[in-house]
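What follows is one structure encoded as structure tokens, with my remarks underneath.
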Amino acid sequence: MNYDRILIRYGELSTKGKNRKVFIYKLRRNIKKVLRDFEQIEIEATRERMFILLNGEDGQEIVERLKGVFGIQSFSPAIKTDKEIENMKDAALSLFQRIYQEGNTFKITTKRSDKRYHLDTNGVNQLFGAHLLTNIPGLKVDVKKPDINLQIEIRHEAVYFSCENILGAGGLPVGSSGKGMLMLSGGIDSPVAGYLSMKRGVEIEAVHFYSPPFTSERSKQKVLDLSEKLANISGAVKLHIVPFTAIQQLIQQKVPENYSMTTTRRLMLKITDEIRKRNDGLAIITGESLGQVASQTLESMYAINDVTNTPILRPLITMDKNEIIDLAQMLDTFDISNRPFEDCCTVFVPASPKTKPKKEKVQYFESKIDFDTLITQAVEDTEVITIAPKSVEENEVSDLF
């Protein structure tokens with residue numbers, strides 16, 4: 001007997017009160033997106049847990065995809081039976097034998113939600129423990145650190161058997177915390193910031209600043225590939241590609257060199273904020289980590305933030321570079337970011353950028369230049385691309401929004 005469903009545990013969602021059903025709805029929607037090419041599955045959601053009914057689909061492939069879905073604390077391939085003892089024994093032995101290897105130890109953990117059931121917890125443990133020991137020669141019990149824990153859950157409607165607790169991605173379902181605009185460069189940090197924001201339930205749209213001919217098509221491809229990695233987690237990502245050449249050239253001509261990076265960041269933030277307004281975003285997300293580069297001092301952040309009242313999320317703010325690299329490697333974005341094609345920020349880095357810029361000074365420099373027309377034009381000329389996850393066909397992408 002193969003397992004016929006996957007039992008999903010909510011974890012953090014279980015702490016939610018009256019709005020728990022909203023979080024569960026978002027999680028169900030996100031799972032449906034990730035598994036959209038498995039046409040036979042059914043998803044059943046209750047307040048306590050969720051079940052994916054396999055209906056003959058490839059359970060192992062579904063398990064692999066579920067590992068990346070935020071909002072799942074853990075999940076288990078499972079078998080559902082009625083309460084007839086012989087049917088329960090068959091299910092327990094069949095499921096156990098799927099993963100048993102010679103020399104494995106085991107224990108049984110029973111939860112009895114149906115208190116009217118004729119056997120108590122100890123009685124169930126003893127009955128099914130004896131059944132496994134009788135049918136699997138050499139099997140031994142270890143109640144402290146078993147190799148296999150057969151879990152039996154006796155509920156009012158049925159009995160559920162599972163042997164594996166597979167760790168989920170945790171966090172909150174993407175979309176349950178609103179939408180944020182991710183300032184996505186071609187570097188290591190910003191994709192990780194996007195990932196961590198999604199883990200806290202933020203739906204992301206990416207904004208990338210592109211300055212041809214100073215930045216090449218290959219640098220743009222880096223960002224497309226990074227967006228695809230994020231789309232594999234969230235279901236799909238909208239990427240806004242902003243033409244930034246004219247603005248950067250004007251900055252280089254009119255702003256003192258040591259303040260040019262500060263002005264560049266301020267105008268990027270202004271443009272991102274305009275795109276946010278047009279797309280119902282609630283926050284801006286950056287890959288900044290305190291003290292990593294000249295534009296990431298507190299003084300710089302203070303001067304740059306001056307252009308907007310929109311919340312700016314910085315998920316990496318306390319991390320060092322090695323921690324960020326570890327996450328980038330886990331996400332499979334590190335090698336993409338390391339391709340030797342520069343983005344518009346690295347191409348125009350001044351020789352000695354101001355690490356402690358004065359807000360009043362940068363405001364004064366900018367007051368002498370008409371950036372507003374160029375900002376409006378850049379927003380109007382922004383190219384929008386919807387990046388689908390690798391498993392979703394292009395002609396299905398529009399259905400995800």
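The values are calculated or read from the model by the stated rules, or taken from the named source; none is laboratory data. Since the model is a prediction, treat every value here as computed from it, not as a measurement. When we count neighbours, we look across all protein chains shown, and the Cβ atoms used for this are built from the backbone with ideal geometry, even at glycine. Just the protein is used for accessible areas: all its heavy atoms, side chains included, with ligands, DNA and RNA removed. Shrake-Rupley method; radii C 1.70, N 1.55, O 1.52, S 1.80 Å.
Taking R9, R98, R29 and ordering them by how much accessible surface each has at a 1.4 Å probe, largest first, produces R98, R29, R9. The separation of region 170-212 from region 221-276, counted between C-alpha centres, amounts to 13 Å. Inverting the pair-averaged 1/r between distinct Cα atoms of region 108-178 gives 14.5 Å as its Kirkwood hydrodynamic radius.
A probe of 1.4 angstrom, applied to the heavy atoms of all protein chains, finds D320 with accessible area near 80 square angstrom. Among H156, H240, the order of accessible area from largest down is H156, H240, computed with a 1.4 Å probe on protein heavy atoms. With a 1.4 Å probe and all protein chains left in place, how much of the accessible area of the chain comes from carbon and sulfur atoms, in whole percent? The C+S portion of the solvent-accessible surface of the chain is 47 percent.
The alpha-carbon atoms of the chain, seen along their principal axes, cover 85, 40, 39 angstrom, with the largest extent given first. Each stretch of four or more DSSP H residues adds -39500 (n - 2.57); spread over every residue of the chain, this sum gives -12000 deg cm²/dmol at 222 nm.
Put simply, when 241-254, 189-202, 43-56 are sorted by average Cβ atoms within 10 angstrom per residue, most first, you get 189-202, 241-254, 43-56. Solvent-accessible area per residue in the chain equals 48 Å², computed with a 1.4 angstrom probe and all protein chains kept.
In straight-distance terms, cross-link reach from K115 covers every one of the lysines whose alpha-carbon lies under 16 Å from its own, apart from those fewer than eight places away in the same chain; here that gives K83. Springs join every pair of Cα atoms under 10 Å in this Gaussian network model of the chain, and among I285, I136, I385 the largest mean-square fluctuation is at I136. Calculated on the alpha-carbon coordinates, the convex hull of region 86-221 measures out at 190 cubic angstrom per residue. With 10 Å bins from zero, work out the P(r) of region 56-164 over every alpha carbon pair and list the percent per bin. Taking every Cα pair in region 56-164, the percentages come to 13, 44, 33, 10, 0. Among E380, E360, E153, the residue with the largest mean-square fluctuation in a Gaussian network model of the chain, with springs joining Cα atoms closer than 10 Å, is E360.
Largest GNM mean-square fluctuation among E217, E323, E102, using the chain with Cα springs under 10 Å: E102.
Straight-line reach from K26: taking Cα to Cα under 16 Å and skipping same-chain neighbours fewer than 8 places apart, the lysines in range are K16, K18, K179, K199.
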